[in-house]
Amino acid sequence: MKSITKKSKQVVAAVVDYLKDSGQEKLLGEVTKNFKKEEQKAKGADRAIITSPIKLTSDQIASVNKFIKTTLNVSVPLEVHVDKNLIGGFTLRVGDWYLDASIASELQLLKRQLLSY
């Protein structure tokens, strides 16, 4: 649990640093409000679904469950899916809350950015 808390603090620190560096500290309240809104959406969830390109280990599954509990403050059953099209990373859905940390989505974003020039 300490590592999840430490990671959460690092994420928060990174967001605050980003807002400071970009001169947009005034958005911190809005970011907090939106995060709480997303947390409320997740509380209505009946399950979480994680998809990765490889089969997750039991330790990884336990870490995902801790992340969901710590970050979204919900405890729901976790469905684990494998989709090799993600290439790397994962996607995580808890109710309406969605996190796409896959390599495939990053490549799509890069492609769109390159084609827009």
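The values are calculated or read from the model by the stated rules, or taken from the named source; none is laboratory data. Being a predicted model, the structure only gives us computed values, none of them experimental. All Cβ positions, even for glycine, are placed from backbone atoms using ideal geometry, and neighbour counts span all protein chains on display.
Looking only at the stretch 44-66, which residues are among the acidic types (Asp, Glu) and either at pLDDT 95 or above or outside any loop (DSSP other than H, G, I, E, B) (or both)?
Matches in the stretch 44-66: ASP59 only.
So LYS9 passes all but one of these: (1) surrounded by 14 or more Cβ atoms within 10 Å (Cβ to Cβ); (2) without any contact (Cβ under 8 Å) to a residue 12 or more places away in the chain; (3) among the basic types (Lys, Arg). Which condition number does it fail?
Here LYS9 meets the rest and fails (1).
Looking at this structure, is THR70 over 23 Å from THR32 (Cβ atoms) and not aromatic (Phe, Trp, Tyr)?
Criteria not met by THR70.
Kindly provide the set of residues from the stretch 66-117 that are free of Cβ contacts under 8 Å to residues at least 12 places away in the same chain and of a type in the set (A, V, I, L, M), ordered by number.
Hits for the stretch 66-117 are LEU99, LEU109, LEU110, LEU114, LEU115.
Which one is surrounded by the most Cβ atoms within 10 Å (Cβ to Cβ) among residues in the stretch 68-77 that are out of contact with any strand residue (DSSP E or B) (no Cβ under 8 Å at 6 or more places or on another chain) and not small (Gly, Ala, Ser)? Step through it out loud before you land on a result.
Step one: list which residues in the stretch 68-77 are out of contact with any strand residue (DSSP E or B) (no Cβ under 8 Å at 6 or more places or on another chain), which gives 69-71, 73, 75.
Applying the additional criterion that residues be not small (Gly, Ala, Ser) yields 69-71, 73.
Working: LYS69: 14, THR70: 13, THR71: 20, ASN73: 12.
Among those that are out of contact with any strand residue (DSSP E or B) (no Cβ under 8 Å at 6 or more places or on another chain) and not small (Gly, Ala, Ser), it is THR71.
Could you list, in sequence order, all residues of the stretch 67-97 that are within 20 Å of VAL12 (Cβ to Cβ) and either part of a strand (DSSP E or B) or modelled with pLDDT of 95 or more (or both)? Show your work before the answer.
Pass one, the stretch 67-97, residues within 20 Å of VAL12 (Cβ to Cβ): 67-74, 92, 94, 97.
LEU92, VAL94, TRP97 - these are the residues of the stretch 67-97 that are within 20 Å of VAL12 (Cβ to Cβ) and either part of a strand (DSSP E or B) or modelled with pLDDT of 95 or more (or both).
Scanning the stretch 78-116 for residues that are closer than 13 Å to ILE50 by Cα and of a type in the set (Val, Ile, Thr), which turns out surrounded by the fewest Cβ atoms within 10 Å (Cβ to Cβ)?
Within the stretch 78-116, the match that is surrounded by the fewest Cβ atoms within 10 Å (Cβ to Cβ) is VAL82.
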